[in-house]
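The values are calculated or read from the model by the stated rules, or taken from the named source; none is laboratory data. Computed from a predicted structure; not experimentally measured. Here the Cβ positions follow ideal geometry from the backbone for every residue, glycine too, while neighbour counts run over all protein chains shown.
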Amino acid sequence: MINKNIRAIVLAAGNSSRFNTKRTKQLEPICGYPMLLYPLKVLNSLNILTTLVVGRQSEDIKKVINDSDMKLVDYAYQEERLGTGDAVKCSKQTWDKENILVLNGDVPLINEALIKNFYEKHKEQNSTITFLTSTVIDPGGYGRVVRENGKVRIVEEKDCSEEEKDIDLINSGIYLIKKEFLENNIDKLDCKNISGEFYITDLIKIAENLNEKIQTLSVPYDYVRGVNTLEELWVVEQIKRSELIKKWMAKGVRFILPQTVHIDQNVKLSPNVTIDAGVQLLAGTIVESGSSIGAYSILKNSKIKENSIIHPHSVLSDSEVGICSQVGPFAHLRNNVVTEEGVVIGNFVEVKKSKLGAKTKAKHLSYLGDATVGNSVNIGAGTITCNHDGVNKHKTRIEDGAYIGSNSTLIAPVTIGRGAYTAAGSPITRDVPENDLAIARVRQVNKTGYAKKMREKNAIKNGHVVSAPKHEKQEESKRFSFFAAVRSDDFSETNF
């Protein structure tokens, strides 16, 4: 079996200098999955023991691997970045199989079939070294494979002549090497090159000089495409995303404008789901049959149950939407929101860490935070739960059948009883018993003619001459009192 004869060495200690991000490229996400985990996952699925050579940000890399389901991985540390040959040498203590598979951590498109075929070709020919090559339109950044007089050698790009730079056959950086040869020759590498580094590619030259058998295997470039820049990362993610979308299309998911959709690896979609333009489906999201996700919505780690509609421009994270429910447009659900069947969450409604019972509706411009809402509750437009007192969070409870009037302010902790009403515009500070109506607002007072007097007063202040009737002049002091009251926001009746 392949895992009995191979130890893999994955190189992940580079400086990622061409990324210009000051962090290792190995942890950059591709469809929600750190790049390094892609080749490790392939090796893990083949039960191949793997040594990961790490350098910068090694603790971050180890944490990501430990948090994943990766097994069969141990580590070697490269103290100084002295090239690929030195990185392989750092792993010498783990060479415990007949063949050593060497590859970089930045080849996320590699797959199991390729590794299996690679090994079979290497075994069939009893080669000392087998390495993968590809023919590409733009070979920039890769070592060139040069064939002369029946021999093969690899020239790194920095050391290429102008003629060699035109060669379109590139070295993928993936090798199978007999352990015995590697042990006997790894110390023969030197750093007499422009970079001053120890190149693993020089093992090819050593093997040729010793008349060892060397084999190349040409494969499609997309399988071994490396990632050295952010542009290359973007290209690889486009390929991986297209693979995912094609997979879901084959299972009955319709994408209205698939080239605009972002989808992560850890997403599950059922047949008869529709995904509109510009949607982002991020890790952990599940969408069940009959549901549709509206344009430019973003779903992260959220579950949309059967026959529900997420209208355009909605954002959901760590939440669950019940059967036959509607959310949006421009709604925001976050921090463990759960809705039951037939819930409607409408335009510009934010719900945080709350549970909404069946057939409850909050259609317009509301905020529900730290709330437990029962069945068949109506939340009027502009309603908010005031859940934070400046120090602590408090909970609001709204029981079945309650009706919350528009612009109600529910100041937690507070409970609205079963079937109770709150009058529009009420700040509710105390519990409302079952079937009661709570009114908490100042009685309206209309002052006859004062709108006209206010306009005239403003005209005088702006330099206009306004003649007022004699009886109005007699009320001058009262008008001043009125405007003072307006400025002080004190509208109690005693000021008029």
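Yes or no, residue by residue, for (1) under 29 Å from Lys393 (Cβ atoms); (2) free of Cβ contacts under 8 Å to residues at least 60 places away in the same chain; (3) not hydrophobic (A, V, I, L, M, F, W, C):
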| position | (1), (2), (3) |
| --- | --- |
| Ala277 | no, yes, no |
| Thr285 | yes, yes, yes |
| Lys303 | yes, yes, yes |
| Val315 | yes, yes, no |
| Val338 | yes, yes, no |
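Considered as a group, the residues in the stretch 164-187 that are among the acidic types (Asp, Glu) and in contact (Cβ under 8 Å) with a residue 60 or more places away in the chain include one that is surrounded by the fewest Cβ atoms within 10 Å (Cβ to Cβ), and that residue is Asp187. When every residue of the stretch 302-309 is checked against the conditions, none turns out to be surrounded by fewer than 19 Cβ atoms within 10 Å (Cβ to Cβ) and either of a type in the set (Val, Ile, Thr) or modelled with pLDDT under 95 (or both). Consider the stretch 368-412 and keep the residues that are in contact with a Gly (Cβ under 6 Å, 6 or more places away or on another chain) and over 21 Å from Arg334 (Cα atoms). The one that is surrounded by the most Cβ atoms within 10 Å (Cβ to Cβ) is Ile404.
Please verify whether the stretch 245-259 includes one or more residues that are assigned by TED's automatic domain parsing to the domain that holds Val321, surrounded by 14 or more Cβ atoms within 10 Å (Cβ to Cβ), touching a Ser or Thr at 6+ places or on another chain (Cβ under 8 Å) and under 15 Å from Ile30 (Cβ atoms). No, because not a single residue in the stretch 245-259 is assigned by TED's automatic domain parsing to the domain that holds Val321, surrounded by 14 or more Cβ atoms within 10 Å (Cβ to Cβ), touching a Ser or Thr at 6+ places or on another chain (Cβ under 8 Å) and under 15 Å from Ile30 (Cβ atoms). Of all residues in the stretch 118-145, those satisfying the criterion of being in contact (Cβ under 8 Å) with a residue 60 or more places away in the chain, outside any strand (DSSP E or B) and not basic (Lys, Arg) are Phe118, Tyr119, His122, Gln125, Asn126, Ser127, Thr128, Val136, Gly141, Tyr142. Would you be able to say whether some residue in the stretch 380-390 is out of contact with any Lys or Arg (no Cβ under 9 Å at 6 or more places or on another chain), in a loop (DSSP other than H, G, I, E, B), modelled with pLDDT under 95 and in the same structural domain as Ile309 (by TED's automatic domain parsing)? The answer is yes, given that some residue of the stretch 380-390 is out of contact with any Lys or Arg (no Cβ under 9 Å at 6 or more places or on another chain), in a loop (DSSP other than H, G, I, E, B), modelled with pLDDT under 95 and in the same structural domain as Ile309 (by TED's automatic domain parsing). Of all the numbered requirements in (1) in contact with a Ser or Thr (Cβ under 7 Å, 6 or more places away or on another chain); (2) not in a strand (DSSP E or B); (3) not acidic (Asp, Glu), Asn171 misses one, and that requirement is (2).
Every residue, every condition in (1) loosely packed, with under 12 Cβ neighbours inside 10 Å; (2) in contact with a Leu (Cβ under 7 Å, 6 or more places away or on another chain); (3) modelled with pLDDT of 85 or more, yes or no:
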residue	(1), (2), (3)
Val432	no, no, yes
Arg443	yes, no, yes
Asn446	yes, no, yes
Ala451	yes, no, yes
Asn462	yes, no, no
Lys470	yes, no, no
Gln474	yes, no, no
Phe480	yes, no, no
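Restricting to the stretch 142-151, name every residue that is over 26 Å from Glu232 (Cβ atoms) and either touching a helix residue (DSSP H, G or I) at 6+ places or on another chain (Cβ under 6 Å) or modelled with pLDDT of 90 or more (or both).
From the stretch 142-151, those over 26 Å from Glu232 (Cβ atoms) are 147-151; that's our starting set.
Arg147, Lys151, listed by residue number.
I'd like to check something: does the stretch 203-212 contain any residue that is touching a residue at least 24 places away in the same chain (Cβ under 8 Å), crowded, with 16+ Cβ neighbours inside 10 Å and under 23 Å from Glu80 (Cβ atoms)? There is at least one residue in the stretch 203-212 that is touching a residue at least 24 places away in the same chain (Cβ under 8 Å), crowded, with 16+ Cβ neighbours inside 10 Å and under 23 Å from Glu80 (Cβ atoms). Each residue in the stretch 99-146 was checked for being under 22 Å from Lys89 (Cβ atoms) and hydroxyl-bearing (Ser, Thr, Tyr), and 3 of them qualify.
The set of residues in the stretch 218-253 that are within 23 Å of Thr285 (Cα to Cα), in contact (Cβ under 8 Å) with a residue 60 or more places away in the chain and acidic (Asp, Glu) contains only Glu237.
Of all residues in the stretch 13-39 being under 16 Å from Asn66 (Cα atoms) and touching a residue at least 60 places away in the same chain (Cβ under 8 Å), which is farthest from the chain's Cα centre (by Cα)? Break it down stepwise before answering.
So the first thing to find is which residues in the stretch 13-39 are under 16 Å from Asn66 (Cα atoms), and the list is 26-27, 33-39.
From the residues that got through so far, the ones that are touching a residue at least 60 places away in the same chain (Cβ under 8 Å) too are 26, 33, 35-36, 38-39.
Working: Gln26: 16, Tyr33: 9, Met35: 13, Leu36: 16, Tyr38: 16, Pro39: 20 Å.
Within the stretch 13-39, the match that is farthest from the chain's Cα centre (by Cα) is Pro39.
All but one of (1) on the phi > 0 side of the Ramachandran plot; (2) surrounded by fewer than 21 Cβ atoms within 10 Å (Cβ to Cβ) hold for Gly83, so report the exception by its number. Status for Gly83: all satisfied but (2). Residues in the stretch 96-113 that are buried (at least 19 other Cβ atoms within 10 Å of the Cβ) and either part of a strand (DSSP E or B) or of a type in the set (A, V, I, L, M, F, W, C) (or both): Asn99, Ile100, Leu101, Val102, Leu103, Asn104, Val107, Leu109, Ile110. Among the residues of the stretch 139-191, write down those that are under 18 Å from Val224 (Cα atoms) and among the polar types (S, T, N, Q). Within the stretch 139-191, Asn171, Ser172 meet the criteria.
Among the listed residues Ser218, Ser270, Ser195, Ser161, which satisfies the condition of being modelled with pLDDT of 95 or more and surrounded by fewer than 16 Cβ atoms within 10 Å (Cβ to Cβ)?
On the way: Ser270 fails: surrounded by fewer than 16 Cβ atoms within 10 Å (Cβ to Cβ); Ser195 fails: modelled with pLDDT of 95 or more; Ser161 fails: modelled with pLDDT of 95 or more.
Every option except Ser218 fails the conditions.
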